[in-house]
Structure formats: structure tokens, C-alpha cells
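Scroll down for the structure; my scribbles are underneath it.
The values are calculated or read from the model by the stated rules, or taken from the named source; none is laboratory data. Fair warning: this is a prediction, and the values are worked out from it, not measured in the lab. All Cβ positions, glycine included, derive from the backbone under ideal geometry; neighbour counts span all protein chains shown.
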Amino acid sequence: MKISYYGEDGIEQTKPSKFITLEELVLMVRNNPNVGFYEHLRNLRITDKTQYDKLKKSLPFITPHIEAVGRKLKDDFFNKNFRSFTQLLYFDIDNVEDVLNEKQRIINQYGDFVSFVCISPSGRGISIIIQIENELTKENFEMIWYSIRLNEFKDENIDPDATGIGRTMFLSYDPDVYYNPNVSLAVDFDMDEKVGNQYYSMGVIETNNVNSHISNTNTITKRKYKIYEVNQILKVLATSTPVHVDNDIVEINEVDYINMYIPRTITQGRRHSTFYRMIHSLFYLNPDVEIDYIYSYIWLINNCFTLPRLDKIELHRHFNSVVDQIHRTHIVYVNPKKRRVHWNKKSCYLSSIQKQLITKRITGLYTRNKNQNDVLEAINKLKEDGKKVTNLAIKEITGKDIKTIRNYRDKPLIDMEVEIKVILDEFIPSYPQKQCA
């Protein structure tokens, strides 16, 4: 099984120039003769994004996941052009600040199963290839890719668009490309049902309760659920509280926030309780979504994160039981947390470490501003009531200690907008002009 290589007309090329092995790809990346071109391309990414995008599309590329005689794979073209899966999975990390150190960290941390790591054509990303022991098929490909992304790479900023059977990968230049042909990964994964089909669970009592808390049209529990593909599930379902951010980078807005946390492994004894919380959270976050999507999400978690998995009859029974409870009581049990700092999607060029540092600074700023406002409100109340303004009187109203009251009583008001800009300028002096790749 080989990789289809397109080396003549850039991204517009529809037929491969030749077929190569992973080892040959390594040599191409390591000994790429077009060093000057890649240096120019990486500079353009900073100085002229439009020209960068244009030149990047002219690069040679591969389809790392498959050997195929043509790029069209939809409908009847799949059987016409597809030859075989390469047993490789490609992952991409974009917008890396210190790409050399980050590349070495990836190698050190995941070297027991990662076969190929190189700097991407942009010079600000990392391309990763894994050899897979599972037999890849058209039916299980997406599920296995997402299983690795959500398990092995759960802490990494993996590009969610770097999936798909026919996904392309542009040829890069990296004289220190990492290659280890002697490692591979076996994903603990089985397909209990076929994606896109319906299955029938014997022994399940059919119910027709309508969840009026959520909807009276699309949340009837069923004996049969459609299992949607992973990328479709993640596009439709919200797994965290949506927060609109007007600022181009970040802003403060205290909201009750829910974020779906997926344990790395859901073990026996925790399966039913974990799914119970997830089902309630999903209905809370998705009041108008077709119930099949919510079931598909739970089915995905059961397949990818649960050891041992619930069998499909028990999973179906438990899901319907929890939903029926929501129907009867009109109550969803969730535990929202206060969240103050929210990032705009345009801030994707910031590293996770930068965001953590900025969040810490902004949270401290928010706390100081709140303390000051509490003290000033207490002073105004004392004046309105005709009482003497003393630190002890302020303490009785606010509950704050005398030292805190002294710190904020006579200081000028904090201008949050100005202070946030000062913090951002320390990390990204020209942040309004920054763009994501």
C-alpha cells in the first residue's frame, strides 16, 4: 500500500504523478531541493498572506490516508478511484509559536506511537503521521481518527479539518524530519452499528413521551436511532455554552458556563452515572436538536472512551430511561460554573500557554475591579443612609477585610478596556493586525 503523490500542478492536479512509500516521503521532505522557495513562502506568511495562500497551493502534495488513481471520491467515484487505505493517519497542528521546541516536545511525548513528524510548509505548524494497526475502512475511518484526536491527542490543538479519507497534505521542507518506522498504534475500537444506518434493539420498551422541557416535536424516545458520522455530530451539537465575543481577541463577561468534560477512560462502575450527566448536559445545551444526534454522541463516547463498553441494548435502555425521566419531570440536572474570560475564534494564533497567562492576568484584573466596585457601592450606600463612612462600616456591608478596603477606597477607577489592552499588548503588541492561518 502506497501514498498517492501529486507533484506537477499543485492543488488543482486531479491524477497522481506516482505512488510513494512513507520512507520515500521522509527523504523528499529531508532532501527537498527547493529550500529557497520554502524560506520565501514562510516569510510571505507574515508579510503577504494573499500571496502566501496562492503559492502554497502550487506545492506538491500527497493524500496520506489512501492510494487512489484520482482525487474524486464521492459517490460512484470512490469505487472508480480508490485502491486501498495506507494504514496511515495524518494530524496537523497549526499556529505554533516556537515550532522547533514544540516539534521536539511532540516527538518526546508521543514517540512511542508517532512515526513521522515534520515542520509544515508554513513554518508555523507541525505535521504528524501515525501507522495504524487497525484495518481502516470507509465505515470506521472517521471514528478512529476522532478517537485518536480525542484520546491520545486530547491536549493538543489538532486541526479538526485535517481529517477525511481524501485529505491532502502539502509537501514540506524539514532537514530534521523525524521518522521511526518501528512504531504503530492500535486503537481500542469496534463498530457496533453501521454509521448512517438504523438498528433495532430487541427487548426495549417503546415509549412515546414528549420532552416538553426541550421540544414537543423532535425528542421522542425511540426504538431505533440513526447513527450520524462523527464530523456531522460535532458540527450540529453544542458541547459548551455558546458565548458571543465582540472583541477581536478576548473579553470579560461572567456567565453560567457548561463545558462537556470527557474522561480519558470511563471505567466500569462509572459508565451509567457519566452518561447520565452527559445526556442531561446535552439536552440543556441543545434544546432543539434532533434526539438522534444526542444518542449518536453518547454512542461515540461509549465506543471511544468506555472500558468495557456498554453493549448496545444496555446503552439504548439507559439512554431512553434518562430521557424519559427528563420528559416526566421537565427538569435537566446540570452544574454550571461561573466563567468570565471568553476568547474569540480569531485568536487562534495564540498558543495555549499564552492564553493561560493572559487569562490569569485578566482574571486578577476582574477580581480587583469587582472589589473596588463593591467598596465604592458600600460607600455610596452609607452616604445615602446618612451614616459615617468608615472602614469598619464598609466591612460590615461588603464582608471584605480592612486591608482590601484600604487598597481600593481612594484609588481611581479601573478602566477595564484600557487595562485589558495593556495586558494584550504585552503578549501581542500588534494584536489587531494579527490573522489566523
inquiry  = Can you tell me which residue is farthest from Y284 (Cα to Cα) among those in segment 315-332 that are at pLDDT 80 or above and surrounded by fewer than 17 Cβ atoms within 10 Å (Cβ to Cβ)?
reply    = R317
key: segment 146-191 - residue that is hydroxyl-bearing (S, T, Y) and more than 29 Å from V35 (Cβ to Cβ) and, of those, farthest from the chain's Cα centre (by Cα)   = S184
ask   = What pairs can you find where one residue is in segment 54-77 and over 18 Å from T137 (Cβ atoms), the other is surrounded by fewer than 19 Cβ atoms within 10 Å (Cβ to Cβ) and of a type in the set (G, A, S), and their Cβ atoms are less than 6 Å apart, with a gap of 6+ or different chains?
value = K57/G10; S58/G10; P60/G7
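Every residue, every condition in (1) surrounded by 14 or more Cβ atoms within 10 Å (Cβ to Cβ); (2) among the aromatic types (F, W, Y); (3) out of contact with any strand residue (DSSP E or B) (no Cβ under 7 Å at 6 or more places or on another chain); (4) part of a helix (DSSP H, G or I), yes or no:
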{"position": "N101", "(1), (2), (3), (4)": "no, no, yes, yes"}
{"position": "V114", "(1), (2), (3), (4)": "yes, no, no, no"}
{"position": "C118", "(1), (2), (3), (4)": "yes, no, no, no"}
{"position": "G123", "(1), (2), (3), (4)": "yes, no, yes, no"}
{"position": "E135", "(1), (2), (3), (4)": "no, no, yes, no"}
{"position": "T163", "(1), (2), (3), (4)": "yes, no, yes, no"}
remark   = Over segment 122-157, the set of residues over 20 Å from T265 (Cβ atoms), among the polar types (S, T, N, Q) and touching a Leu at 6+ places or on another chain (Cβ under 9 Å) is S122, Q131
key: Unmet requirement for K411, which otherwise passes all of (1) outside any helix (DSSP H, G or I); (2) under 22 Å from V250 (Cα atoms)   = (2)
query = Does N34 meet the test of being in contact (Cβ under 8 Å) with a residue 60 or more places away in the chain, under 21 Å from K154 (Cβ atoms) and among the polar types (S, T, N, Q)?
reply = no
inquiry  = Just checking, does segment 5-27 include any residue being touching a residue at least 40 places away in the same chain (Cβ under 8 Å), within 24 Å of the chain's Cα centre (by Cα) and in the same structural domain as I144 (by TED's automatic domain parsing)?
reply    = no
Residues within segment 50-70 that are within 25 Å of the chain's Cα centre (by Cα) and of a type in the set (A, V, I, L, M), tallied = 2
remark   = Taking segment 263-292 and keeping only residues that are in contact with a Lys or Arg (Cβ under 9 Å, 6 or more places away or on another chain) and either in a loop (DSSP other than H, G, I, E, B) or exposed (fewer than 12 other Cβ atoms within 10 Å of the Cβ) (or both), one is left with P263, R264, E290
task = Select from segment 370-408 the residues that are modelled with pLDDT of 90 or more and not in a helix (DSSP H, G or I) and list them in ascending order.
result = D385, G386, K387, K388, V389, T390
Pair list, Cβ under 8 Å, 6 or more apart: segment 297-323 residue part of a loop (DSSP other than H, G, I, E, B), other residue of a type in the set (K, R) = L310/R271
query = Of (1) within 26 Å of D176 (Cβ to Cβ); (2) modelled with pLDDT under 95; (3) surrounded by 13 or more Cβ atoms within 10 Å (Cβ to Cβ), I46 satisfies all except one. Which?
reply = (3)
query = Among the residues of segment 223-262 satisfying the criterion of being touching a Leu at 6+ places or on another chain (Cβ under 9 Å) and part of a strand (DSSP E or B), which is nearest to F305 (Cα to Cα)?
reply = S240
ask   = Is it fair to say L357 is modelled with pLDDT of 90 or more and not hydroxyl-bearing (S, T, Y)?
value = no
Count of segment 333-353 residues which are surrounded by 12 or more Cβ atoms within 10 Å (Cβ to Cβ), over 17 Å from the mean Cα position of the chain (by Cα) and either modelled with pLDDT of 85 or more or of a type outside the set (F, W, Y) (or both) = 5
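To keep it simple, each residue is scored yes or no on (1) surrounded by fewer than 19 Cβ atoms within 10 Å (Cβ to Cβ); (2) of a type in the set (S, T, N, Q); (3) modelled with pLDDT of 85 or more.
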position: F141; (1), (2), (3): no, no, yes
position: W145; (1), (2), (3): no, no, yes
position: I148; (1), (2), (3): no, no, yes
position: N151; (1), (2), (3): yes, yes, no
position: K154; (1), (2), (3): yes, no, no
position: P160; (1), (2), (3): yes, no, no
position: M169; (1), (2), (3): no, no, yes
query = Which one of these does D174 not meet: (1) within 30 Å of T306 (Cβ to Cβ); (2) acidic (D, E); (3) part of a loop (DSSP other than H, G, I, E, B)?
reply = (1)
remark   = Going through segment 71-88 in order, the residues found to be out of contact with any Leu (no Cβ under 7 Å at 6 or more places or on another chain) and assigned to a loop (DSSP other than H, G, I, E, B) are R71, K72, L73, K74, D75, T86
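Each row is one residue, and each column tells you yes or no for (1) at pLDDT below 75; (2) assigned by TED's automatic domain parsing to the domain that holds E314; (3) surrounded by fewer than 17 Cβ atoms within 10 Å (Cβ to Cβ).
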residue: F189; (1), (2), (3): yes, no, yes
residue: N216; (1), (2), (3): yes, yes, yes
residue: K222; (1), (2), (3): no, yes, no
residue: H244; (1), (2), (3): no, yes, yes
residue: D256; (1), (2), (3): no, yes, yes
